[in-house]
Amino acid sequence: MLATKSGVIKILKNKEIDPVNRHGINLKEYLPLFLKKNSKISQDLLDSLNLDLANDKLDELHKRYDGGCAFRYDATFYFILWYTYKKYKTGICLLGFKIRGDKLLIVQIQGLRIDYDLFSDRKEDVKKTIKPIMSSLKWERLLVKVVEDWARKMDFKKIGILQAKHNEYFVNETEAIDWQITRNDRLKMHYDVTAERMGYRKKLRSKYRFKNLPKT
């Protein structure tokens, strides 16, 4: 894996490659597979979506996504689903990961936080684009599937998803107040439910659920 990892890092740290061109993934093949039943999202809106493979230390993400993205970046490398509305490039959701040997570890699965102070001049955007996209896509599973296929192509042997209770924002449930309980539930849905539905299994004394990545 040493040579493979070196090649992956070389790709991820290549400033000459635009993030939208780093991964070699055809997003259009995935989107129909992760539409919710009875979704009413328009084809034009689906066609407006793009996928980046970004490096937080290289790509100046706060500048790149001037229309907003995740509230905070917890990893170094990210797959980010985004679109442009008028002049704003907006990150809808992201998956952050780390690399440990022949393992790819997913440590962040997060959707755009709609802060109405930030979006005060974009109410039409929120109503016509952001909300329809987020409510129509099984976006957590979409991103995990994209990452699985990319990791397999890069010769990773195993992929892990952090358990919600090990996320730094998770609060001990015996101490949590109402809004923290709500956030805990959201973290469980993003991490634990997504992992279980996609075949990841707990490993004794590990913070992660894992899945092997056999070659196809």
Of all residues in the stretch 47-82 being within 15 Å of residue 133 (Cα to Cα), within 17 Å of the chain's Cα centre (by Cα) and at pLDDT 90 or above, the one that is surrounded by the most Cβ atoms within 10 Å (Cβ to Cβ): 81
Of the criteria (1) closer than 23 Å to residue 35 by Cβ; (2) part of a helix (DSSP H, G or I), which one residue 183 fails: (1)
Residue that is in contact (Cβ under 8 Å) with a residue 40 or more places away in the chain and basic (Lys, Arg), where the choices are 64, 22: 64
Checking residue 155 against (1) among the acidic types (Asp, Glu); (2) touching a Ser or Thr at 6+ places or on another chain (Cβ under 7 Å); (3) at pLDDT 95 or above, the condition it does not meet: (3)
Among (1) crowded, with 16+ Cβ neighbours inside 10 Å; (2) under 20 Å from residue 79 (Cβ atoms) - the single one residue 153 does not satisfy: (1)
The listed residue being buried (at least 17 other Cβ atoms within 10 Å of the Cβ), more than 25 Å from residue 152 (Cα to Cα) and charged (D, E, K, R), out of 37, 89: 89
Scope the stretch 129-174; condition under 19 Å from residue 69 (Cβ atoms), in a helix (DSSP H, G or I) and either among the aliphatic types (A, V, I, L, M) or free of Cβ contacts under 8 Å to residues at least 24 places away in the same chain (or both); matching residues: 130, 131, 133, 134, 142, 143, 144, 146, 147
Identity of the residue in the stretch 196-213, in contact (Cβ under 8 Å) with a residue 40 or more places away in the chain and either in contact with a Pro (Cβ under 7 Å, 6 or more places away or on another chain) or not charged (D, E, K, R) (or both), that ends up nearest to residue 145 (Cα to Cα): 198
Test result for residue 164, modelled with pLDDT of 90 or more, crowded, with 18+ Cβ neighbours inside 10 Å and out of contact with any strand residue (DSSP E or B) (no Cβ under 9 Å at 6 or more places or on another chain): yes
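The values are calculated or read from the model by the stated rules, or taken from the named source; none is laboratory data. All figures in this text were calculated on a predicted structure; none of them were measured in a lab. Glycine also receives a Cβ, built like all others from the backbone with ideal geometry; neighbour counts cover every protein chain displayed.
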